[in-house]
Amino acid sequence: MNLKPLNILVLIVLLALTAGCSKNGTDQPSIPEPSPGGKIITPSPPGDVVGKVTVGYQGWFAAKGDGSPIDAWWHWTQDWAKSPSTTNSGIKSWPDVRDYSATYPTSFPNLVNGQTANLFSSFNDQTVNTQFLWMKQNGLDVAALQRFNPNGIEGPVRDAITAKVKTAAELHGRKFYIMYDISGWTNMQSEIKTDWTNKMSAYTSSSAYAKQNGKPVVCIWGFGFSDNNHPFSADVCIDVINWFKSKGCYVIGGVPTNWRTEDSDSRPKFLSAYKALDMISPWMIGRIGSISEIESKYRTINMPDMAYCKANGIDYQPCILPGDLQEHQRLHGDFMWRQFYNMKSLGAQGLYISMFDEYNEGNQIAKTAENASFIPSGTSFVTLDEDGTACSSDYYLRLSGDGAKMFRGEIPLTVTRPTKPIL
């Protein structure tokens, strides 16, 4: 058969492209696996969560005297009515509070440097504005504001902090969305719909409210977990997901690590509920604590998760952890950076950092005591220099910022973190 020179050239180019695209260097298929119907469904285009880095934002600290509706040491202590102390503490890490204009004295001993042991309140406007400024300074795109059952004693203060988050996000050009945590929420199926309709949906009119595919984003964390705190059936979860979709929302699910195989931390026969979601964000706290565990989960969880999501038109937002500081997991940033590297290599649609301000569990990236001079005397709080490497209090904000740059393609993919522990 005779071919014209132009046709021969086109054929050569096509063959070269085919050979070059046969592998992507991560042992993953270069195109999505076909869905059961044989049709490949591509993930969503870039938006406010796809192609972006989201931080989980608790915003759940208060103090006596801060003017908040709860008027208690909310989440700082075990007994919220009593002042934080060595015998009444609810936190694993001690925050660096030097950037806050208003802080509140505790019953802890003075810091080793002689300063009073003060803590901040999330009810204070300047606190929230400062924390969103940190997000801006470090290129963190979105805050997922945690919202638990709003019908109890915590409801009024949570409502107030939601308004403060909106203001701060607008001020600093960050995006935010509501992330319902349904843990222990007995009447969740009906009450979550009422809360969205009567209160939270109003926030979607804000220029700062995150949109994906033109739809306001809402996340529901807790569907499918096999513990007694999340007893909801698959049918109940599907009903709630479809209700939010009927309201025009893009729905993210914070799901168990083993959602795809429906075992271990996942309830069986839940795949239909997971598949109803627009984006899946599997939980990873307590599942990894070392580099070897990161690599194991990458092969056994993240890679097959990604292939499944591609095949079924679901966006994938894996969880990135700084590590539990109190358990000495951080390796002065190497633990977190390996996850950034793996998830960028994987081609994930978005990243979720857990968490921004979770001082209770020791996995916060917000400013933290950098050395022993910044913790109360006689206490055992682990500081950022715990492995002998001095780190500034903002180190994990800066590290997260560099991870976000790498994820967005603003700096090259690199296995070695570029972030210096001390500026």
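Can you work out which of the residues in segment 276-300 that are more than 20 Å from G224 (Cα to Cα) and part of a helix (DSSP H, G or I) is most open to solvent (accessible area, probe 1.4 Å)?
Among them, the one singled out is R299.
Considering segment 264-275 alone, what residues qualify as being of a type in the set (S, T, Y) and open to solvent by 50 Å² or more (accessible area, probe 1.4 Å)? Give the derivation first.
Just the residues of segment 264-275 that are of a type in the set (S, T, Y), to begin with: 264, 266, 272, 274.
Hits for segment 264-275 are S264, S272.
Of the conditions (1) open to solvent by 30 Å² or more (accessible area, probe 1.4 Å); (2) within 24 Å of I320 (Cβ to Cβ); (3) touching a residue at least 24 places away in the same chain (Cβ under 8 Å), T261 fails just one. Which one is it?
(3)
To keep it simple, each residue is scored yes or no on (1) open to solvent by less than 50 Å² (accessible area, probe 1.4 Å); (2) at pLDDT 95 or above; (3) touching a Ser or Thr at 6+ places or on another chain (Cβ under 6 Å); (4) at positive phi.
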site	(1), (2), (3), (4)
P105	no, yes, yes, no
F120	yes, yes, yes, no
D125	no, yes, no, no
P150	yes, yes, no, no
V157	yes, yes, yes, no
A160	yes, yes, no, no
F176	yes, yes, no, no
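Within segment 401-423, take every residue that is in contact with a Lys or Arg (Cβ under 6 Å, 6 or more places away or on another chain) and under 15 Å from Q339 (Cβ atoms) and give me the one that is surrounded by the fewest Cβ atoms within 10 Å (Cβ to Cβ).
Taking segment 401-423 first, the residues in contact with a Lys or Arg (Cβ under 6 Å, 6 or more places away or on another chain) are 406-407, 411, 413, 419.
With the extra rule that they be under 15 Å from Q339 (Cβ atoms), the set shrinks to 406-407, 413, 419.
Working: M406: 21, F407: 22, L413: 12, T419: 19.
Ranking the qualifying residues of segment 401-423, first place goes to L413.
Residue pairs, Cβ under 9 Å, 6 or more apart or interchain, first in segment 128-145 and at positive phi, second outside any helix (DSSP H, G or I). List them.
What qualifies is G139/V53; G139/E410.
So which of D334, D315, D305 is open to solvent by 10 Å² or more (accessible area, probe 1.4 Å), at pLDDT 95 or above and among the acidic types (D, E)?
Exactly one residue qualifies, and that residue is D334.
For segment 309-330, what are the residues that are farther than 30 Å from Y395 by Cα, touching a strand residue (DSSP E or B) at 6+ places or on another chain (Cβ under 9 Å) and in a helix (DSSP H, G or I)?
So in segment 309-330, the residues farther than 30 Å from Y395 by Cα come out as 309-314.
After this cut, where a residue has to be touching a strand residue (DSSP E or B) at 6+ places or on another chain (Cβ under 9 Å) as well, the list is 309-310, 314.
The answer is C309, K310.
Note down all Cβ pairs under 9 Å where the first residue falls in segment 352-367 and is open to solvent by 10 Å² or more (accessible area, probe 1.4 Å), the second is of a type in the set (D, E, K, R), and they're at least six residues apart or on different chains.
From residues that are open to solvent by 10 Å² or more (accessible area, probe 1.4 Å), the pairs are N360/K92; E361/K92; E361/D324; K367/D96; K367/R98; K367/D99; K367/D394.
Which residue out of G378, G388, G347 is more than 15 Å from the chain's Cα centre (by Cα), surrounded by fewer than 24 Cβ atoms within 10 Å (Cβ to Cβ) and more than 30 Å from N113 (Cα to Cα)? Give the steps one after another, and end with the answer.
Working: G378 fails: more than 30 Å from N113 (Cα to Cα); G388 fails: more than 30 Å from N113 (Cα to Cα).
Answer to the check: G347.
Report, by residue number, each residue of segment 196-250 that is part of a loop (DSSP other than H, G, I, E, B) and open to solvent by less than 20 Å² (accessible area, probe 1.4 Å).
Residues of segment 196-250 that are part of a loop (DSSP other than H, G, I, E, B), as a first pass: 199, 206-208, 210, 213-214, 222-224, 226-233, 247-249.
The answer is S206, A208, A210, G222, F223, G224, H230, C249.
The values are calculated or read from the model by the stated rules, or taken from the named source; none is laboratory data. Keep in mind it's a predicted model, so treat the numbers as computed, not measured. Because the Cβ atoms are built from the backbone with ideal geometry, glycine has one as well, and the counts that use them run over all protein chains shown. In case anyone asks, the SASA skips ligands and DNA or RNA and just uses the protein heavy atoms, side chains included. Shrake-Rupley method; radii C 1.70, N 1.55, O 1.52, S 1.80 Å.
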